[in-house]
1. Does region 41-99 hold any residues that are open to solvent by 60 Å² or more (accessible area, probe 1.4 Å), farther than 29 Å from MET321 by Cβ and under 18 Å from the mean Cα position of the chain (by Cα), and which are they?
2. Restrict the check to region 247-257 and report whether at least one residue is modelled with pLDDT under 95, open to solvent by 10 Å² or more (accessible area, probe 1.4 Å), acidic (Asp, Glu) and part of a helix (DSSP H, G or I).
3. Quickly run through region 67-97 and pick out the residues that are within 12 Å of TYR138 (Cα to Cα) and touching a helix residue (DSSP H, G or I) at 6+ places or on another chain (Cβ under 7 Å).
4. Consider TYR268 against the criteria (1) in a helix (DSSP H, G or I); (2) open to solvent by less than 70 Å² (accessible area, probe 1.4 Å): it satisfies all of them except one. Which criterion is unmet?
5. Restricting to strands (runs of 3 or more DSSP E) lying wholly in region 127-235: which have 2 or more residues that are small (Gly, Ala, Ser) and at pLDDT 95 or above?
6. Counting just the residues of region 185-199 that are open to solvent by 10 Å² or more (accessible area, probe 1.4 Å) and in contact with an Asp or Glu (Cβ under 8 Å, 6 or more places away or on another chain), which one comes out farthest from ALA69 (Cα to Cα)?
7. Does ALA208 meet the test of being open to solvent by less than 10 Å² (accessible area, probe 1.4 Å) and touching a helix residue (DSSP H, G or I) at 6+ places or on another chain (Cβ under 8 Å)?
8. Which number in (1) within 20 Å of HIS141 (Cβ to Cβ); (2) open to solvent by less than 10 Å² (accessible area, probe 1.4 Å); (3) at pLDDT below 95 marks the one condition that VAL109 misses?
Amino acid sequence: MLKRKSCLLLTGSALLLGLSTAQAAEYEWQFQASETSGEPSFKIKQEWADKVTMMTNGRVEIEILPINAIVGPTETLTAVSSGILQGHMTDPSYFSGQDPAFGMLGNLVGAWSDPYDFLEYMKHGGGEELYNELANPYGTHLIGAATFPLESIPSTVPIKTLDDFDGLKIRAPQGMVYNIFDRIGASPVNLPGSEVYTGLEKKVIDAADSTVLSNNDAMGLHAFAPYPLYPGFHSMPMIAVSMNKEIWDELPSELQTTLEVAFDGMAYDLIARLKAQDVETLQKLKEDPDVHPYDLPAEERKKFRQAAEQEWAEWASENDMTQKIYDSATAFLRSRNLL
């Protein structure tokens with residue numbers, strides 16, 4: 001009996017210790033993402049925030065918030081630098097209005113045909129250093145860069161050649177992707193991602209630059225846009241996992257390292273899991289008589305890439321930072337025979 005009581009006391013002490021640990025987070029932060037709460041990629045980000053808590057033995061707790069939870073998607077940079085948010089996990093292209101370099105590094109449209117090439121550039125080709133050179137004066141620090149697999153384009157009409165973009169009202173965020181769609185004859189409409197569903201439903205737009213195939217399907221977009229272009233050829237935006245620079249600078253080095261390792265792991269996990277979900281979604285859509293996925297032919301992709309390269313060169317002349325990004329990214333692409 002005594003032994004059993006001791007076990008019970010020990011168990012109770014362990015539970016109390018667990019509760020104490022759970023309540024003893026030294027750092028509690030809110031990071032806003034650029035997706036709605038129902039998207040698969042948002043849930044993966046939440047899972048990785050939970051892993052950070054485990055990896056730091058409860059010292060760090062990060063609450064991942066969906067798009068528009070605290071501020072609009074173009075306002076998170078200012079919110080993080082001012083401390084309204086402690087961090088964000090978002091596409092830097094949203095901040096092109098503050099500096100075109102954010103749009104250029106955040107989404108060098110048409111440059112990347114494989115997300116792992118982009119991660120290699122950011123981690124080992126100088127991309128992360130350039131991003132922090134750009135973002136540090138805005139009071140933010142890049143912990144790590146992530147991205148999606150190639151995005152799809154949900155469309156209400158078939159798109160089989162680049163000529164089919166002529167006059168097409170396509171949702172595109174401000175910045176380079178907007179300009180390139182305009183360059184190939186489309187009529188881009190600047191809508192936040194949170195309004196794509198309504199825009200397609202109410203026929204405000206004909207198509208959308210809008211995340212990956214599985215995310216689009218989870219949001220129900222194919223009910224209104226049954227001609228998705230997949231795999232994507234245009235946009236593969238960076239996800240800047242960033243936080244307030246003052247908070248970052250004051251963190252112990254072991255926590256900085258843990259956060260870097262954790263979010264580097266998330267970057268690769270996100271690609272692998274979303275790609276698997278995209279393949280599964282594509283098979284489901286092929287079996288749906290009301291949905292008709294298309295794959296743009298190689299010669300049409302080449303035309304798009306040529307238009308994109310012209311746009312890169314124009315953006316390079318905007319300021320010293322855009323020229324640095326252009327020189328760095330194109331040098332990397334050439335070194336890998338990707339340009």
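The values are calculated or read from the model by the stated rules, or taken from the named source; none is laboratory data. Quick caveat, the model's predicted, so the values are computed rather than measured. Neighbour counts are summed over all protein chains in view; Cβ atoms, including those assigned to glycine, are modelled from backbone coordinates with ideal geometry. When the accessible area is computed, the model is the full protein with side chains, heavy atoms only, and any ligands, DNA or RNA have been set aside. Shrake-Rupley method; radii C 1.70, N 1.55, O 1.52, S 1.80 Å.
1. Answer for region 41-99, where residues must be open to solvent by 60 Å² or more (accessible area, probe 1.4 Å), farther than 29 Å from MET321 by Cβ and under 18 Å from the mean Cα position of the chain (by Cα): LYS43, GLN46, GLU47, GLU63.
2. There is no residue in region 247-257 that is modelled with pLDDT under 95, open to solvent by 10 Å² or more (accessible area, probe 1.4 Å), acidic (Asp, Glu) and part of a helix (DSSP H, G or I).
3. Hits for region 67-97 are LEU77, SER81, PHE95.
4. If we test TYR268 against (1) in a helix (DSSP H, G or I); (2) open to solvent by less than 70 Å² (accessible area, probe 1.4 Å), just (2) comes out false.
5. 140-147
6. GLY185
7. Against the criterion (open to solvent by less than 10 Å² (accessible area, probe 1.4 Å) and touching a helix residue (DSSP H, G or I) at 6+ places or on another chain (Cβ under 8 Å)), ALA208 qualifies.
8. (1)
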